[in-house]
Amino acid sequence: DNPISKTYAFEAGQRAIEAHLLRCGEHAEVLPELDRGFYRVRYKMQGNPKISILIPNKDHLDDLRRCIQSIQERSTYDNYEIIIIENNSSEQQTFDYYKTLEGNDRIKVVTYEGDFNYSKINNYGAKFAAGEYLLLLNNDTQVITMNWMENMLMYAQRPDVGAVGAKLYYGDLTIQHAGIVIGLGAHRTAGHTHYKINHDNLGYMGRLCYAQNVSAVTGACLMVRKSLYEELGGLDESFKVALNDVDFCLRLREQGYLNVFTPFAELYHYESISRGLDDQGEKA
C-alpha cells in the first residue's frame with residue numbers, strides 16, 4: 001500500500017496525460033504532484049499580456065498597503081498595472097497614501113462617486129484598464145505564491161475558459177475559497193467548498209491539489225479576459241454586495257465558457273475585514 005513502491009504507475013499516468021495533450025495540439029508540461037497520482041499541467045503562456053488589477057478601496061489603509069506591497073514584492077509576472085478604485089474614504093491617511101503612489105507608473109487611483117456597490121465600482125474601474133486581462137482583487141488579500149498571476153493567466157488565456165479563481169486562505173491557514181458550488185452557503189444559494197478545512201488537507205478526492213472546472217469562483221480574486229468582461233456587460237449592478245461574482249460566472253457558463261479554480265495561485269484573504277459578513281442582518 002506504499003505509493004512509493006508504485007512509482008511506475010505514476011509515470012505511466014504522466015505519459016498518458018502528455019500523450020493526450022499532444023493529440024489535442026496542446027503545448028503543456030505535465031508534472032506529478034505529491035506522489036499520489038495527482039498531476040499538474042502547465043500550459044505554455046502566450047506572449048506577455050498586460051493584466052489590470054482592480055482593487056476597490058474605502059479606508060482600511062493597513063489592508064490596502066499590505067495588499068499592494070505583496071503584489072509588488074512577491075509577483076514574478078511583470079506586465080501588470082494596479083487600479084485602486086477609491087470609494088467614499090474619509091480618513092486623511094488614506095489620501096496621503098494615495099499621494100505616495102503618484103510617482104509609480106504601475107499604479108493609478110480613480111474615484112467612484114456613489115454608495116457602495118461592488119459591481120458598479122468594478123465596472124467603473126474596468127473602464128480605466130489598459131490590460132487585456134482584468135484581475136478583480138479585494139483589498140484584504142495578500143499574495144503568497146510568487147507566480148500567482150502566471151498560474152491564473154495560463155487558464156484565462158484558453159479560448160474555452162471564462163473566469164479563473166485562486167486558492168484563498170484565512171489568516172489561520174484554513175481554506176476561505178477553493179471554488180463555489182450552487183446550493184451551498186447560509187441560504188442555500190451558493191457557497192465555498194472545503195470551507196475552513198486546513199491548508200494541508202488534500203480535499204475531497206484530492207480536489208485541493210489540482211486545477212478543475214467549477215460552477216463559480218469568488219470575485220475576491222478573479223481573472224477574466226477584458227473583452228469577455230465587456231461582452232457580458234461586466235458584473236450585474238443589481239447585485240450590490242454579494243453574489244455578483246456567482247452571477248457573472250453562471251452567465252459565462254451559459255455562454256459555453258468554463259470557470260477554473262487553480263490551487264497553484266495562493267493568497268491570504270482576510271475576508272470581511274472591511275464590510276462584515278454577508279449572511280448577517282439586512283445583508284442576508
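What to note about this one:
- Candidates Ala129, Met154, Thr100 compared by Cα position along the dipole of the chain: farthest toward the positive end lies Met154, with charges placed on Cβ.
- Estimated inter-spin distance, Gln92 and Leu202, nm [label 7 Å along Cα→Cβ]: 5.8 nm
- Extension gain for Gln72 to Leu21 (0.36 nm times residue separation, less C-alpha to C-alpha distance): 14.9 nm.
- Percent of Cα pairs exceeding the 16 Å cut-off, where the set is the range 162-206: 40 percent
- When the chain is treated as a GNM with alpha-carbon contacts under 10 Å, the residue of Val214, Val110, Val143 showing the greatest mean-square fluctuation is Val110.
- Counting DSSP beta bridges with both ends in the range 1-157, the antiparallel % (nearest 5): 25 percent
- Taking every protein chain into account, the accessible area of the chain amounts to 48 square angstrom per residue (probe 1.4 Å).
- Per-pair calculated FRET efficiency, R0 = 41 Å: Lys50 and Thr189 via Cβ, rounded to 0.05: 0.75
- Sorted on the mean count of surrounding Cβ atoms within 10 Å across their residues, most packed first, peptides 254-263, 158-167 read 158-167, 254-263.
- Linear extension gain, Glu33 paired with Asn79, 0.36 nm per residue minus alpha-carbon span: 13.7 nm
- Between Val110 and Arg251, residue separation times 0.36 nm minus the direct Cα-Cα distance comes to 48.0 nm.
- Pair-distance profile P(r), taking every C-alpha pair of the range 187-249, with 5 angstrom steps and integer %: 4, 13, 21, 23, 16, 11, 9, 2
- Relative to the globular-protein estimate of 2.2 N^0.38 Å, the Cα radius of gyration of the chain stands at 1.02.
- Cα gyration tensor shape of the range 59-132, rounded if a/c is under 1.5, else prolate or oblate by comparing a/b with b/c: oblate
- The phi torsions of the range 131-140, fed into the Karplus equation with coefficients 6.51, -1.76 and 1.60 and a -60° offset, translate into couplings of x, 6, 10, 9, 10, 6, 9, 6, 6, 9 Hz, rounded to whole numbers, with Gly and Pro shown as x.
- Cα shape, the range 128-284, gyration tensor, a/c 1.5 rule: rounded
- Accessible surface of the range 45-86, 1.4 Å probe, proportion on carbon and sulfur as whole %: 37 percent
- Lys pairs under 13 Å by Cα in the chain, provided they are eight or more residues apart or on distinct chains: 7
The values are calculated or read from the model by the stated rules, or taken from the named source; none is laboratory data. Everything numeric here is computed off the predicted structure, so don't read it as measured data. A quick note on method: Cβ atoms are made from the backbone with ideal geometry, for glycine too, and the neighbour counts reach across all protein chains shown. Each accessible area value is taken on the protein alone, full model and side chains, heavy atoms only, with ligands, DNA and RNA left out. Shrake-Rupley method; radii C 1.70, N 1.55, O 1.52, S 1.80 Å.
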